[in-house]
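What follows is calculated from the coordinates using simple rules that are stated; it is not laboratory data. Keep in mind the model is a prediction, meaning the values are calculated, not measured. Ideal geometry is used to build each Cβ from the backbone, glycine not excepted, and the neighbour counts take in all protein chains shown.
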Amino acid sequence: MVDTTEAKQVCRAASTLIYPALEFGVKPCGTYTRADFEHVLSRIAFDHEFANTGGKTVQLGRSEPVDITSTARNPLAKSLLYHLRHLDADAIDAQFDGVRNRLFQVLRAQRLLPDHVDVAIDLHEWRFYGAADTDHVLITYPDRGTNRAYCFATLCIVAPSVRFTLAVLPMDANGFRAKQEAVRSLIVEARQYVPIRHVYLDRGFYQVYVVAELERLEIDYIVRARPSTGMKARLSAGAETVVDAYQMQRKRPPTAAVDVTVFAVPHRTSEDEHVWFVTNLNVENETARAYAAAFRRRWGIETSYRQIGDFLPRTSSPTFSVRLFYFLFAVALYNLWVLANVLVSTGRKSTKPPISTRIFRTFVLSTDYG
């Protein structure tokens, strides 16, 4: 059991790692201050709301006159979005890199980081309903009424107790070259913070150039495969597992090939089906199921995405700097929520986070951000 006072103190302490780092380019003579923007951001992040509603909520909480029936943009929200639109993407990245650096300083000081971690790489798509030619918007599979999205590649630790998001990269394309570069960039960045043991990637990254990049990085990997005819031919009648040498190839220019080990295990719920993987690990028939079970831990990244969504403001803005700031702000809050749970769980056994995202919200919103 976690003491309420302890939980409140930990959540408030975690929030001090992010708010002092935020910069909006506010001039001393401006109508609104940085603290005003921090309050609005917190409201819209924790309430999953638009800036306009957040601005009105903050001003109503201060007993300021607000026309709640007006369809005009709330002036506080308008000022926040104006400043976010004029931020440079590199400056936004630098702010949140600083937040991550402070987070890992705390983890190292408390000796809370494992010696090695398993990580997963995946894509987070933030659906967009505007024009297809909007900067940084990609065409993707149809879902929720649109085939357009802003896309962010992320690298997350998959261990339940320390499921931090280590690196984020906005995607400007969704071809194999873009995915290859994303994998390289994310792993190089994450290695600055913690040694990586294994990396897990889903079928969206099953491409020869991506696997070749993993080989160049000299990292152990398991990638979920889309089984080819040649793979399936290795599955003899009645066989439960398959382990064999395999060569991934791209025969169309630009051609490429990489030697891997392919293995397959029975699907857990569908009879007569198998799940296929490629890897550079030393897999045997006796260990194939264990490696497949280890890969299933990558589903933790799906949980991370849902919980990052608990901190993601709503917006219809087509401006990339607004989207980037909001997404990185959500990732930072998510990481600090994980940190708060790690700190209060030290020495305790727990099957789920003792502090929910809702409780974290309550404690942080009662904090003086400055």
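Taking GluC sites (Glu not before Pro) that fall in a DSSP loop and have at most 13 other Cβ atoms within 10 Å as cut points, what is the longest piece of the chain between them? Numbers along the way, then the final one.
Values: sites that count: Glu218, Glu240, Glu271, Glu273, Glu284, Glu286.
By the stated rule (loop sites, at most 13 other Cβ atoms within 10 Å), 1-217.
Name the shape class, rounded, prolate or oblate, that the alpha-carbon gyration tensor gives for the range 252-354, where a ≥ b ≥ c are the square roots of its eigenvalues, rounded holds for a/c under 1.5, and otherwise prolate holds if a/b is larger than b/c and oblate otherwise. In terms of gyration-tensor shape, oblate.
Charges were assigned to the Cβ only: +1 to each Lys and Arg, -1 to each Asp and Glu. The resulting dipole of the range 248-363 about its Cα centre is roughly 560 debye. Once the dipole of the chain is set up with Lys and Arg at +1 and Asp and Glu at -1 on Cβ about the Cα centre, which of Leu333, Ala257, Asn282 lies farthest towards its positive end? Looking along the dipole axis, the top candidate is Leu333. Can you tell me how the range 160-309 classifies by the Cα gyration tensor, rounded, prolate or oblate, using a/c under 1.5 as the rounded cut? Oblate, since a/c reaches 1.5 and b/c is not below a/b.
Karplus-derived 3J(HN,Hα) values for the range 183-190, using 6.51 cos²θ - 1.76 cosθ + 1.60 with θ = phi - 60°, are 4, 4, 4, 5, 5, 4, 5, 5 Hz; glycine and proline are entered as x.
Using helices alone, what [θ] at 222 nm do you get for the chain, with -39,500 (n - 2.57) per DSSP H run of 4 or more residues, divided over all residues and rounded to the nearest 500?
Values: 12 runs with 150 residues, N = 370.
The helix-only estimate for the chain comes to -12500 deg cm²/dmol at 222 nm.
Rounded to the nearest 20, the size of the Cβ-charge dipole of the range 1-92 about its Cα centre is 260 debye, with Lys and Arg at +1 and Asp and Glu at -1. The alpha-carbon of Lys8 sits under 20 angstrom from the alpha-carbons of these aspartates and glutamates, leaving out residues fewer than 8 places away in its chain: Glu38, Asp47, Asp310, Asp368. Taking a straight line from the alpha carbon of Lys232, these lysines sit under 22 Å away, with near neighbours fewer than eight places off in the same chain left out: Lys251. In loop segments of the range 134-188 as defined by DSSP, the trypsin sites (Lys or Arg not before Pro) with at most 14 further C-beta atoms inside 10 Å of their C-beta are Arg144. Cross-link reach is defined here as a Cα-Cα straight distance under 20 Å, omitting same-chain residues fewer than 8 places apart; for Lys78 the lysines meeting it are Lys27, Lys56. For Kirkwood radius over Cα pairs in Å, pick the label among (1) 20.1; (2) 22.5; (3) 23.7 that corresponds to the value derived from the coordinates. Structure-derived value, by its label: (2). About its Cα centre, the chain has a charge dipole of approximately 420 debye under the convention of +1 per Lys or Arg Cβ and -1 per Asp or Glu Cβ, with nothing else charged.
Think of the chain as having a plus end and a minus end, set by charges on the Cβ of Lys, Arg, Asp and Glu; of Thr319, Val364, Ala233, Val364 sits farthest toward the positive end of this dipole.
If you take all other residues with their beta carbon under 11 Å from the beta carbon of Phe295, and give Lys and Arg +1 and Asp and Glu -1, the sum is +3. When the square roots of the Cα gyration tensor eigenvalues are ordered a ≥ b ≥ c, the ratio a/c for the range 64-147 is 1.5 or more and a/b does not exceed b/c, which makes its shape oblate. Near His116, once Lys and Arg are set to +1 and Asp and Glu to -1 for all other residues with Cβ below 13 Å from its Cβ, the sum equals -1.
Relative to the longest principal axis of the chain, what angle (0 to 90°, nearest 10) does the C-alpha long axis of helix 89-109 take? The angle comes out near 80 degrees.
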